[in-house]
Amino acid sequence: MMMMIAQASICKTRLPSLLSTTCMLQPRLSRQLSTGANDVAARLNSSGFFRTQGLIGGKWVDAYAGKTIEVNNPATGEVIANVACMGTRETNDAISSAYDAFKSWSKFTAAERSKCLRKWYDLIMANKEQLGELITLEQGKPLKEAIGEVSYGASFLEFSAEEAKRVYGDIIPSPLADRRLFVLKQPVGVVGAITPWNFPLAMITRKVGPALAAGCTVVIKPSEFTPLTALAAAELAHQAGVPPGVVNVVMGNAPEIGDALLASTQVRKITFTGSTAVGKKLMAGAAGTVKKVSLELGGNAPCIIFDDADIEVAIKGTLGSKFRNSGQTCVCANRILVQDGIYDKFASALADAVKNLKVGDGFSEGVVQGPLINEAAVQKVETLLQDAVSKGAKVLLGGKRHDLGFTFYEPTIISDINNEMRISREEVFGPVATLLRFKTEDEAISIANDTNAGLAAYFFSSNVQRTWRVAEALEYGIVGVNEGLVSTEVAPFGGVKQSGLGREGSKYGMDEFLEMKYVCMGNMS
Ligand code: ADP
């Protein structure tokens, strides 16, 4: 998923406590937090789940060398908090705690594990607004969308609480009369869960929910850009009665933490959501100890609008898919393929809709497009846009930084794209809709599949035969037909080709955290 952002976070010696005036006045392109954001910060500080230390073996701890890392508000650059900047030693201790806790957690009954997960779900839902505010504060997405992420994220815990009770094995009819054969499903063991910044809560619950349900214990490494939501979720897990060591959180030096997880023989599974480049590194690194690996990596989603599409449905779906989280999701439409006969009508209707998208601080009323995560993200959008324009693309709307400045970018539409431009090959990960014209269904499918990615694809058509044909022909793990928002806890999320391995969510997501054990009993007659 996503762009390759240089690890912007640099460990420093620990500064005074979070949200102190000292932290607020850190420089770096910063502005004063808006009154709204200040209120939010103060409220969160007294909420009890605003944590800045790592969680190891049920204890909140500083980095051993006392180092910290800044967490910034992407809308202003303001320092929200300084969190522990951890590395190898803390990760190894977190692994040991998870390993010890596995011995008892894996022996809990399914009903007991289910209860803990359900309680965790309840606590997250009870604090939905505040967690949403925390997400907006450190990630930038509009508050309504952030609260939506809390419900979405929590849904994985609720679903996992239910699924925990349905981990069935099998009895196999024996080929020999004196034998009985059966299959047990058992937890894989300690799981290293590495997550990105674009869904600071949901990417954690989508992994940790099924892991805990299966009987695994976890070491979470959230993105250094958005650790506060992860820490808040961990605090709520603790309050829900999840035993010490079952959920651990370390953050800071990503390569060090990643290497420690990979090197450990006690870690039996790595589950990762992030860039394809880092995913490949983790996959290669996991070979050393032959771990199970699940990867949710970058997409390059085509969104195909056929001549026979219902244009209103197509506009609504395209907007939802393209502009959610300001274009910063791995399932965002990255190439909008529009058939010749509907191209002009669609382009003009899309422009009408996009120009009404209100941009601003996620805490402001009516805002639907927040900031990008950081300056590097804006620069990536600019670079890809310049490349496209230099090769003949035309800007229909937007095309530059927003008047609000800093990390805000205008919702943009560009036309006359072809599949050779960088913007068609790489995830733009920003609010830029790119229109590409095609003539035939075969041509659309061939362009859509001409990529190494294979996560999500969308198409819009009212022709029943075509919907089956195209859904089958698209080489993607997820296909939205006349629908732009497809993620749900009950369906399998994941990609093919270089978009990853494994599935998250749904009954299938449980298998990623389970091993099958074949038991053969002899002398039974
Ligand atoms: P993005 O930042 O674009 O979401 P990344 O792949 O860089 O994508 O980051 C996703 C997660 O992977 C983050 O938690 C990040 O800190 C982590 N990460 C980055 N590099 C490594 C690495 N070498 N080993 C382990 N984790 C890493």
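The values are calculated or read from the model by the stated rules, or taken from the named source; none is laboratory data. From a predicted model like this one, the values you see are computed outputs, not experimental measurements. Positions of Cβ are backbone-derived with ideal geometry, glycine not excepted, and every protein chain shown enters the neighbour counts. Remember, those area values only see protein heavy atoms, side chains included, never the ligands or the DNA or RNA. Shrake-Rupley method; radii C 1.70, N 1.55, O 1.52, S 1.80 Å.
Some observations on this one:
- Taking (1) within 16 Å of the ligand (Cβ to nearest atom); (2) over 27 Å from residue 91 (Cβ atoms) in turn, residue 146 satisfies each apart from (1).
- Of the helices (runs of 4 or more DSSP H) lying entirely inside region 76-178, those containing at least 3 residues that are more than 20 Å from the chain's Cα centre (by Cα) and surrounded by fewer than 17 Cβ atoms within 10 Å (Cβ to Cβ) are 88-105, 110-126.
- Some residue of region 356-369 being β-branched (Val, Ile, Thr), within 25 Å of the chain's Cα centre (by Cα), open to solvent by less than 10 Å² (accessible area, probe 1.4 Å) and closer than 18 Å to residue 324 by Cα: no
- Residues of region 39-65 satisfying the condition of being touching a residue at least 24 places away in the same chain (Cβ under 8 Å) and of a type in the set (D, E, K, R): 43, 51, 59, 62
- Flag for residue 286 being within 12 Å of the ligand (Cβ to nearest atom), open to solvent by 30 Å² or more (accessible area, probe 1.4 Å) and closer than 30 Å to residue 94 by Cα: no
- All positions within region 234-258 that are in a loop (DSSP other than H, G, I, E, B), open to solvent by 10 Å² or more (accessible area, probe 1.4 Å) and within 12 Å of the ligand (Cβ to nearest atom): 253
- Scope region 422-444; condition open to solvent by less than 30 Å² (accessible area, probe 1.4 Å), in contact with a strand residue (DSSP E or B) (Cβ under 8 Å, 6 or more places away or on another chain) and either in a helix (DSSP H, G or I) or away from the ligand (no atom under 16 Å from the Cβ) (or both); matching residues: 423, 424, 431, 432, 433, 434, 435, 436, 438, 444
- Here the condition is being within 13 Å of the ligand (Cβ to nearest atom), part of a helix (DSSP H, G or I), of a type in the set (Ser, Thr, Tyr) and open to solvent by less than 10 Å² (accessible area, probe 1.4 Å); of 229, 205, 271, it holds for 229 alone.
- Selection status of residue 324, open to solvent by 20 Å² or more (accessible area, probe 1.4 Å) and either under 30 Å from residue 136 (Cα atoms) or touching a helix residue (DSSP H, G or I) at 6+ places or on another chain (Cβ under 7 Å) (or both): yes
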